[in-house]
Amino acid sequence: MDPLWMLEAPPPAADARLAYGSGEHHFGELRLPPGPGPHPTVLVVHGGFWRARYGLEHVGHLCADLARRGFATWSLEYRRVGHPGGGWPGTLEDVVQGAAHLCTLASTWPLDLNRVVGLGHSAGGHLVLCLAARHGDTGLPPLRGVVPLAAVSDVVRVQELGLGDGIVETFFGGTPAQVPGHYRLGSPFALAPLGVRQILLHGALDDIIPLALSERYQAHAAALGDDVQLIPLPQAAHFEVINPLAPEWEQVVEALRALL
């Protein structure tokens with residue numbers, strides 16, 4: 001099977017697609033496991049270097065797998081670069097708004113708000129780390145922790161390396177020298193310590209977001225007092241961590257269970 005099959009194959013249907021705001025991209029997909037609940041809940045934020053052409057469809061496969069394993073999933077769509085209001089700060093504001101909507105959903109759906117974790121891939125890993133930095137904000141459900149996968153944890157370093165064909169500068173509206181406040185407020189590296197438990201997984205063969213970024217972030221955040229663990233995956237590149245048929249996926253599931 002093509003190792004990137006989940007990027008093209010239509011995912012299993014969600015139990016519900018629900019709006020969390022008034023905009024075209026302000027919605028999420030909810031999937032529930034069997035049984036009455038309330039269920040532990042994974043807030044899922046997809047990647048794609050914050051670009052409009054990458055939506056939430058490809059993470060529907062991992063969400064369906066998690067639901068079969070007993071987790072409810074709330075997978076967020078959000079404005080991206082190329083959408084009106086996408087980029088900084090609108091993209092993160094959408095994720096914060098979508099996460100807060102879990103509190104509303106729990107009044108209708110069997111979700112356990114005392115057992116919520118965040119899961120994000122690549123740019124989605126960046127967004128869940130930034131969300132974790134706001135864990136004490138009024139209206140947000142408490143997070144047991146976050147599982148960033150191949151995460152963009154240091155946006156300044158990603159910009160310096162020229163990764164993503166300059167998307168970091170487009171996302172933030174300039175370079176770190178031009179808009180330093182954007183990078184200071186929008187980089188997990190600068191926001192650390194986050195005060196939330198973190199389990200990072202990253203492929204050693206990743207040539208899109210190098211493992212060295214997670215190594216540097218983990219050392220930095222741990223030195224500042226965060227409970228942050230890094231699990232390197234020796235045989236994985238960038239997408240195995242979101243492929244529910246890849247052997248590395250079991251380690252992602254175990255990280256979620258460890259937090260819950």
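Structural remarks
- Members of segment 193-229 that are closer than 22 Å to residue 143 by Cβ and in a strand (DSSP E or B): 198, 199, 200, 201, 202, 228, 229
- Of the criteria (1) surrounded by fewer than 23 Cβ atoms within 10 Å (Cβ to Cβ); (2) in contact with a helix residue (DSSP H, G or I) (Cβ under 8 Å, 6 or more places away or on another chain); (3) farther than 22 Å from residue 187 by Cβ, which one residue 84 fails: (2)
- In segment 8-23, the residues that are more than 18 Å from residue 96 (Cβ to Cβ) and of a type outside the set (Gly, Ala, Ser): 8, 10, 11, 12, 15, 17
- Scanning segment 121-172 for residues that are charged (D, E, K, R) and either in a loop (DSSP other than H, G, I, E, B) or farther than 26 Å from residue 58 by Cα (or both) gives 134, 137, 144, 154, 157, 160.
- Residue count for segment 1-31, restricted to those that are surrounded by 19 or more Cβ atoms within 10 Å (Cβ to Cβ), more than 18 Å from residue 140 (Cα to Cα) and of a type in the set (A, V, I, L, M, F, W, C): 2.
- Of the residues contained in segment 37-57, one or more are found to be surrounded by fewer than 20 Cβ atoms within 10 Å (Cβ to Cβ), of a type outside the set (D, E, K, R) and within 23 Å of residue 254 (Cα to Cα).
- Considering (1) touching a strand residue (DSSP E or B) at 6+ places or on another chain (Cβ under 9 Å); (2) buried (at least 22 other Cβ atoms within 10 Å of the Cβ); (3) not aliphatic (A, V, I, L, M), the lone condition that residue 144 does not fulfil carries the number (2).
- Test: residue in segment 96-114 that is β-branched (Val, Ile, Thr), buried (at least 24 other Cβ atoms within 10 Å of the Cβ) and within 13 Å of the chain's Cα centre (by Cα): no
- Note on segment 177-202: residues that are over 30 Å from residue 249 (Cα atoms) and surrounded by 18 or more Cβ atoms within 10 Å (Cβ to Cβ) amount to 2.
- Residues within segment 65-103 that are in contact (Cβ under 8 Å) with a residue 60 or more places away in the chain and farther than 30 Å from residue 169 by Cβ, tallied: 6
- Listed here are the strands (runs of 3 or more DSSP E) enclosed by segment 19-77 that have at least 2 residues being over 15 Å from the mean Cα position of the chain (by Cα), modelled with pLDDT of 95 or more and under 20 Å from residue 258 (Cα atoms): 39-45.
- Top-ranked residue of segment 230-260 - restricted to ones that are outside any helix (DSSP H, G or I) and aliphatic (A, V, I, L, M), ranked as surrounded by the most Cβ atoms within 10 Å (Cβ to Cβ): 236
- Only residues that are aliphatic (A, V, I, L, M) and over 9 Å from the mean Cα position of the chain (by Cα) were counted in segment 115-130, giving 2.
The values are calculated or read from the model by the stated rules, or taken from the named source; none is laboratory data. Please read all numbers here as calculations on a predicted model, not as lab measurements. Because the Cβ atoms are built from the backbone with ideal geometry, glycine has one as well, and the counts that use them run over all protein chains shown.
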